[in-house]
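The structure appears below as structure tokens.
Quick note: the coordinates plus some simple rules give every number you see, no bench work behind them. Keep in mind it's a predicted model, so treat the numbers as computed, not measured. Every residue, glycine as well, gets a Cβ built from its backbone with ideal geometry; the counts of neighbours run over all protein chains shown.
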Ligand SMILES: [Zn+2]
């Protein structure tokens, strides 16, 4: 796991001054400054849990008296049994999702660039009479997290990052069904053993209805592309961006090209693309042009994306219908 600094470059400001207009008619000079507090903190009793993570182990604390298991092992003295000392248990590297996991689309400041992501509570000590659930990251090898993957009761496999620092982000869970049979018993299973880079695209069902819907979607997108040429707002949205997005649908493929502030639509799937998106129903794109949202379609699972980079392009495309509506009568 890349460590880097606590604050990224994005938090920095250039040295300098700027002028602003005051509420009164005066001009004022403002300067860039900073205020930062760093501190170090121990994990205290939780240290044993995090030290074990570094070694590829998942530790729990079990009470001999009431048999409850705490994971993470947040204390070694049972809170319900008059603080009797608890014993260490090596927990299995498999678990069950305790509740359907939310998918975060709009993250807080510390997770910018990492959305969409899923996290949920994992029941690890499934044999114990009482056990806490481990809050964890959830990942899939099938592209971005979508509804239907991390549902309550799904069996999960624990995965460790190859480089670990002793933090909760050293671990995450993937659906057991996505782990090759030969790796299911592996302890610890390292992230590098799984393929997250090139997720296999889902298969689409071809149909005549979808072919007709694709015809409509292409016409709508071409009309939108024409309006972009007359819309300064839309051209500004596209800015200096350059993307070649391939799309596979149940009605056939097409390509969206963004270059020099223009959108171009080609009725076939280009050989060279940045990403290939998949939507069984091409009407996703008609709805987008009619002021819908590709981001919503992705969130709802109607548009499949291979990566976060692809997801990052959607908000820009989503702005276009609104921008042309404002500029082009
Ligand atoms: Zn107890």
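Please report the base-10 log of the normalised intensity I(q)/I(0) for region 31-177, using a Debye sum with one equal scatterer per alpha carbon and no solvent, at each q in 0.11, 0.14, 0.20 (1/Å).
For region 31-177, the Cα-only Debye profile gives -0.49, -0.74, -1.24.
Could you work out how far apart the two model spin labels at residue 190 and residue 80 are, taking each label as a point 7 Å from the Cα in the direction of the beta carbon, and quote it in nm?
3.9 nm
Determine by what factor the alpha-carbon radius of gyration of the chain differs from 2.2 N^0.38 Å, reporting the quotient. Walk me through the intermediate numbers first.
Values: Rg = 25.1 Å, N = 329, 2.2 N^0.38 = 19.9 Å.
Normalised Rg, Cα atoms only: 1.26.
Taking Cα pairs under 8 Å and at least six residues apart, what relative contact order does region 208-327 come out at, in percent?
Numbers: 227 pairs, mean separation 33.7, N = 120.
After rounding, I find 28 percent.
If one puts a single equal scatterer on every Cα of region 89-141 and applies the Debye formula without solvent, what log₁₀ I(q)/I(0) results at q = 0.14, 0.23 Å⁻¹?
The calculated log intensity ratios at q = 0.14, 0.23 Å⁻¹ are -0.45, -0.88.
What order do you get for 42-52, 312-322 when each peptide is scored by the mean count of other beta carbon atoms within 10 Å, highest first? Don't skip to the end; give the middle numbers.
Working: 42-52: 14.5, 312-322: 17.6.
In decreasing order of mean packing, 42-52, 312-322 become 312-322, 42-52.
Give me the one-decimal Kirkwood hydrodynamic radius in Å for region 185-307, with the sum taken over alpha-carbon pairs.
Numbers: mean 1/r = 0.0640 Å⁻¹.
For region 185-307, inverting the mean 1/r across all distinct Cα pairs yields 15.6 Å.
What whole number of Å gives the distance from the Cα centroid of region 265-329 to the Cα centroid of region 139-155?
About 22 Å separates the Cα centre of region 139-155 from the one of region 265-329.
Sticking to Cα atoms, compute the Rg of region 225-284 to one decimal and its Dmax as the biggest Cα-Cα distance, whole number, in Å.
Calculated on Cα positions, Rg and Dmax stand at 12.2, 34 Å.
In deg cm²/dmol and to the nearest 500, what is the mean residue ellipticity at 222 nm of the chain if only DSSP H runs of at least 4 residues count, each as -39500 (n - 2.57), divided by the residue total? Kindly include the intermediate steps, with their values, before the conclusion.
Working: 6 runs with 69 residues, N = 329.
About -6500 deg cm²/dmol.
Sort 14-20, 150-156 for me by packing, meaning the mean count of neighbouring Cβ atoms within 10 Å per residue, highest on top. Could you put the intermediate results ahead of the total?
Numbers: 14-20: 8.1, 150-156: 16.7.
Listed from highest to lowest mean packing, they are 150-156, 14-20.
How far apart, in nm, are two points set 7 Å out from the Cα along the Cα-to-Cβ line at residue 328 and at residue 21?
So the two model labels end up 3.3 nm from each other.
Mind checking the angle between helix 208-228 and the chain's longest principal axis? C-alpha axes, 0 to 90 degrees, to the nearest 10.
70 degrees
How many nm separate the modelled label positions at residue 300 and residue 104, each set 7 Å beyond the Cα in the direction of the Cβ?
Taking the two extended label points, one gets 2.5 nm.
Please report 63, 81 as a ranked list, fewest other C-beta atoms within 10 angstrom at the top and most at the bottom.
Values: 63 21, 81 15.
Fewest to most other Cβ atoms nearby, the residues stand as 81, 63.
Just want the ordering: 206, 227, from fewest to most Cβ atoms lying within 10 Å of their own Cβ.
Neighbour counts put them in this order, fewest first: 206, 227.
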